[in-house]
Structures are given as structure tokens and as C-alpha cells.
Amino acid sequence: MLIRILQDIALMGGIGVILALILVLAQRWLSNYGEVTININGKRDLTVTGGETLLTSLGDKQIFIPSACGGRGTCGACKCQILDGGGPILPTEKPLLTKQEMGDNVRLACQVKVKSDIKIQIPDEIFNIRRFHSVIEEILDYTYDIKGVTFKLSEGQTIDFKAGQYVQLETKPYGKVKQKVMRAYSISSKPEIKDRIQLIVRLVPEGICTTWVHNQLKVGDEVDFTGPYGDFYLRDTDADIIFVAGGSGSAPIKSMLEHLREVGTKRKMTYFFGARTVKDLYLEEEMRDFEEYFDDFEYVPVLSHADETDNWQGKTGFVMPYFKEAIRDPKNTEAYLCGSPGMIAAVTKSLINDYGIAEEKIYYDSFG
């Protein structure tokens, strides 16, 4: 009886192994789409191996679609128009697409599998996005949870970007993290410097990339990134400017101010920086220097949770009530906002409803 039971177990085990092998072979056969063609803007054909996402397939050919979440389908940054092919819109895409976008067959490149020939439309400026190799030149501790990191480009490489744009940093495996990830960070240095960039990175609890930057990166380490990305950049007008940022949102504002110091400006500018306590303030000396340099620039830090022991004599609460002190002509005012989605939404609503700033003159970079 025991021998019969053992024989049955062996038989079932053998059947299981055979079924698993058949499943593996079937998956390989079903996912073997061979070579397929991606037609871009009706001008350029790429031959790729089918089966990967559109985002990955384009990246392998050195065409980098923005993807702040690294292809996880959560940021919605990798939108492109599918003119032919691509299959139906997936449930994972719908929350990040408007009805208009779905009607125009706009898709998330990270969710579209390239299984057959496909035709897409992307902005021409994407072709200017490149991959850069760099060495960590300097790491500054701005606060207990914010670092400024300078990346020196490899010999012969230069980067051209607009003040306010961002790059996507590529991590390396560390600890329990076995795969690289990509995350978006605004450039905090001025575009006039071509052979290096600075990023300002705030430590996010359990954040894969921010933990890597804060706990793993050292001066001399080699790091890759792609860019530049983004339509958040300083417009060349003579309008008054309201800057608003919080946390690491200072990065693109710092870049814009450094750029304006290089090219010169007579624009009236006010920078509202929202922080919790005094220990969350940084770049204070740099901002005071800007006040000395520009004819009409004011830096206004506002603390939401000022500690009595800090002996804070400045402004407290929310930044919005203080806008009235800076806005002299709503029709000739632009706003540049960088921070969390909640902050962006609250400030935008106030600028429009309370102060009469035109929505089309409010530019923002929102990050979670």
C-alpha cells in the first residue's frame, strides 16, 4: 500500500513538472512576437523585439519618454498618442487619462505592450532627451532630510536645459532592492553651467531612490540619468512673478533665480517658501544674496508649525494670505509653483479665485 502511494506521488510530481514545462514553453511561444516596427511621427521607423512596453522599447533605442514613476503606471507622465496599433485602453490607464485624451487614443507608454507594428505621435523635443553618465562631485547636507547633490558629466558631455526642467535619476541595486528604478528630480543649478548639474533630494521614508541618494551615494560614485524633461520652465516675459515652493520644491526656483541673475532682469519677484519649522528652512543665505542682487526681489519664508523654542518672528500659517502684499497687477503676474499636489491645488485655487491671476499664467511642477 505504501509503495502504491509513493508511486502515485511520484506520478503526480512528474505530471506537475511536465505541465510546468509546457506552460513555460507556451509562454515563450505566445510572447515571441518577433521583430516589430514602431513608426514615430510618420517620419522614423524603429525595429524592436516585440513583447516589451512601448516605454521600454523606445528607451532601448535611446528615445526617452518622461516617466516620473519609472514605468509603474502611477504618474501619467509617459502619455503619447497611438495612431495605429497598441490594443485597447487598459483599466490601469483610465484613471490617468481624460475623456478627451481617451477619445484621441492617448495612452500611457508604460502600459502599452508592443506586440505588432505600431504608429505613435510624440513631441519633437523628446528627440533632444539623452542619457548622461556622471560622477558625484559634491554632496551637501542642507537640512536633516534634504541633500544637494552635484553630478559632473563625463568628459565631452554637456547638457542644455531650461531653468525649471528636470531629469530622471537611475538608481543602482542596493540592499534588498535588486533592480534599478528611475525617479524625476528638478535641476537646481543654472542652465549656463553645461558640464554638471545639481539636484536637491528630500528623504522620503521607504522611498527607493531617495534612500539610495541619502544612504548609499558617495562622492566619486558613477551615476546615469536622462533628460532634460518638462514644460515647467521660466517664461521670457516682463510680468511680475510669484514663486511658491515647499520642501525640495526649491530646486527649480533656485535654478530660475540663478538664471535670471546671469541674464539680468528688472521684473518684480516674490518667493514664498512654505516649511513646517525653522529646521526645515535652507538656502537662506542664497536667498538673501538674491535680495541684495536684484532690484525688486523678496524672499518670504512662512512656517506652518513654528516652534516656540525657535523664537520665530516671521510669517506663520499658510502662504496664500500673504500674496496680497506681493500682487500689484493680477493681469501682469505669473506664478511658478513647485511642491505637493495638495499644495499646488490650494495655491492655484487661491491665486485664481482670491487674487484674479489667469489660470494660463500659473505654471507648476507637482510631485507626490
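Tabulated data
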item: log₁₀ of I(q)/I(0) at q = 0.09 Å⁻¹ - region 230-365, Debye sum with one point per alpha carbon; result: -0.24
item: Simple label model, 7 Å out from Cα along Cβ direction - D236 to E284, nm; result: 3.7
item: Local electrostatic count, Q121, Cβ distance below 12 Å [Lys/Arg +1, Asp/Glu -1]; result: +2
item: For C75, distant residues with modelled amide H under 5 Å away; result: C69
item: Average silhouette area of the chain, convex hull of alpha-carbon atoms, in square nanometres; result: 26.3
item: Computed magnitude of the charge dipole of the chain (debye, nearest 20; Cβ of K, R +1, Cβ of D, E -1); result: 1540
item: Separation of alpha-carbon centers, region 143-159 and region 26-95, rounded to whole Å; result: 30
item: Extent along principal axes [Cα atoms of region 129-229; Å; largest to smallest]; result: 36, 28, 24
item: Computed over region 35-126, the ratio Rg/Rh where both radii use C-alpha atoms and Rh is Kirkwood; result: 0.92
item: Cβ charges +1 (Lys, Arg) and -1 (Asp, Glu), total dipole of region 129-229, debye; result: 300
item: Sparse-neighbour loop sites [trypsin sites (Lys or Arg not before Pro); region 310-366; at most 12 other C-beta within 10 Å; DSSP]; result: R328
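Rule-based calculations on the coordinates, nothing more; no lab input. Because the structure is a prediction, the values reported are computed rather than measured. As a convention, Cβ positions derive from the backbone with ideal geometry for all residues, glycine included, and neighbour counts pool all protein chains shown.
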